[in-house]
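K.L.:
Here's a structure for you.
A short reminder: the numbers here are calculations on the coordinates, not readings from a lab. As the structure is a computational prediction, the values presented were derived from the model and not from experiment.
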Amino acid sequence: MHSRIRVARTTGIFYLAMAFVGAIGFLLIRPQLHVPDDPIATLTRLVERDGLARLAIALELATVVVQALLALSFFRLFRAVDSFMAGALAAFGMMNAVAIMGSAALVASARQVAHGSGLAPLGGDAQVAQLLYTISANFWDVGGLFFGLWLLPMGWLILRSGWMPRPLGWVLFVGGVGYVLSSFVTYLLPDATLLIDGLPLLATVGEFWILGYLIIVGVRPSAVDTNPWREGQALK
């Protein structure tokens, strides 16, 4: 297998792993522990479902690891096209990983408070645990800004390289703009739920598209047959 195709498919596997662990942790397990409007219920669940709470922390940590590896793999794939834009892609991906790492630390702290660590004021365990979970959720919301930003150089690099379909590059770029805007709309217009939910939709389409393309195809044959970006040096 050509080295560039191998790197592309490795990148796709990392992307799939991030989507898998992130979805399970954030969409499936978190709602089973955090009840946004009921601190007592959140505290009770953290105590009674301790194994699930530990798993939630582990999955967020796994998301951090895979996100970091994915950012590095994208840099390795695209640095021969434009090292600055590939570096920007990697940097934005790393910042998103840092935001998720902060969320994991807050969830771990909420679990400690729930188990009577003495970190909360007397009788305030439920309120402190709820506060920590709320901040954790905001880390995900704010971190979404970097998730949107990293789609911009990703789309640009696809358009520049010609290694993948041009419509995919545009979908990722425009979707990234929408994702960034949604981060601001979340706080400026909190009642505009349709707009908040709708702005990132194109980005989601682009992510599934590039994930599948990387794993199934890798890159176009032209990326293998030609050598306009000094392939040998780029993939060492």
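K.L.:
With the convex hull built on the Cα atoms of segment 1-46, state its orientation-averaged projected area in nm². Could you put the intermediate results ahead of the total?
P.N.:
Details: hull surface 15.2 nm².
Taking a quarter of the hull surface, the average projection is 3.8 nm².
K.L.:
Along its principal axes, what span do the Cα atoms of segment 51-162 show, with the longest given first and each in whole Å?
P.N.:
That gives 60, 22, 17 Å along the principal axes, largest extent first.
K.L.:
Let me ask something else. Quick one: compute the contact order of segment 3-234, relative version, from alpha carbon pairs under 8 angstrom and 6+ residues apart, as a percent. Mind dumping the intermediate values first?
P.N.:
Details: 341 pairs, mean separation 56.2, N = 232.
Here the relative contact order equals 24 percent.
K.L.:
Using only the Cα atoms of segment 3-234, each taken as one equal point scatterer with no solvent, compute I(q) by the Debye sum, divide by I(0), and report log10 of the ratio at q = 0.11, 0.14 Å⁻¹.
P.N.:
Here the Debye-derived log intensity ratios amount to -0.60, -0.88.
K.L.:
Separation of segment 147-178 and segment 17-73 by C-alpha centroid, Å?
P.N.:
Their Cα centres are 29 Å away from one another.
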